[in-house]
Amino acid sequence: MKVKVRRASREDCDFIAKLIFFAESTGAEITSYEKMFESSAEELVPAFAKMLDNPSKGHPLTYKSYMIGEVNGECAGGLSAYVEGEFGGSNHMMTGALMNAFDRKDVQKAFKFLAENKDVQIEKRKGNLQLDCVGTLSKFAGMGVFSSLLSFVENDFKAKGGGTVEIQVWKKNEHAIRVYAKKGYRIFDEKIGVNDPSNGKVLMEKEL
């Protein structure tokens, strides 16, 4: 079954919002949007869908950074891929997007939670292609959706003269680490959680 890869459009915002929370549902997360805003995915998806429909680029909270994988015309998976620093710092732009979608007090509370878990945060390196919110819906598992998406963004970045691709995963997400290792990614950096020494963030990279 052939997978079609295309760039996301604003009509995909609902799907991307659901994808973001699906990608954060591995059970290995120390930080997540649900924990940041103390709300369920079901409660947050509508706000994220509206937020994703914004004109900015270069961060994972805009539909413009997403690629969609389709099977028989149905959205099967997707990922965010952007070059860090190309349009400004991604963290700064993500903050702006969140401020436009949520009450200021809620955003401040969310970032206080992140500050309390700063020990697991790894800085994104300017000029590298950042992969984020990677996911394939369960019903399409094993159909090559992930491989098609990954190959597309890697080849596109390489054609533009890019060199390094990176992805951050949770240390306890051993399945993801193995999958990326098979795709040629290696562990470049790691931050261990103070409250949970068995978990933390792992930065994996691949030189194209």
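Annotations for the structure displayed:
- Put a plus charge on the Cβ of each Lys and Arg, a minus charge on the Cβ of each Asp and Glu, and nothing anywhere else: the dipole of the range 1-56 about its Cα centre is then about 500 debye.
- Ordering 41, 85, 27 by the projection of their Cα atoms onto the charge dipole of the range 1-95, which places +1 on the Cβ of Lys and Arg and -1 on the Cβ of Asp and Glu, puts 85 at the extreme positive end.
- Eligible lysines near residue 182 by straight Cα distance, threshold 26 Å, same-chain separation 8 or greater: 2, 4, 124, 126, 139, 158, 160, 171, 172, 191, 201, 206
- Overall form of the range 115-179 per C-alpha gyration tensor (a/c, 1.5; a/b vs b/c): oblate
- Calculated mean residue ellipticity, 222 nm, the chain: -11000 deg cm²/dmol, from DSSP H runs (n ≥ 4) at -39500 (n - 2.57) each, averaged per residue and rounded to 500.
- Answer label, with Cα extents along the principal axes in Å calculated from the coordinates and candidates (i) 45, 36, 33; (ii) 50, 38, 35; (iii) 66, 40, 37: (i)
- Dipole moment magnitude, nearest 20 debye, the range 64-158 about Cα centre, only Lys, Arg, Asp, Glu C-beta charged: 280
- Overall, the chain carries a charge dipole of about 500 debye about its Cα centre when +1 sits on the Cβ of Lys and Arg and -1 on the Cβ of Asp and Glu, all other atoms neutral.
- Among 48, 188, a tally of other beta-carbon atoms within 10 Å of each Cβ gives an order, fewest to most, of 188, 48.
Computed from the coordinates by the stated procedures, all read-outs in this text should not be read as laboratory data. Worth saying up front: this structure is predicted, and the values here are computed from it rather than measured. With ideal geometry, Cβ positions are generated from the backbone for all residues, glycine too; neighbour counts draw on all protein chains shown.
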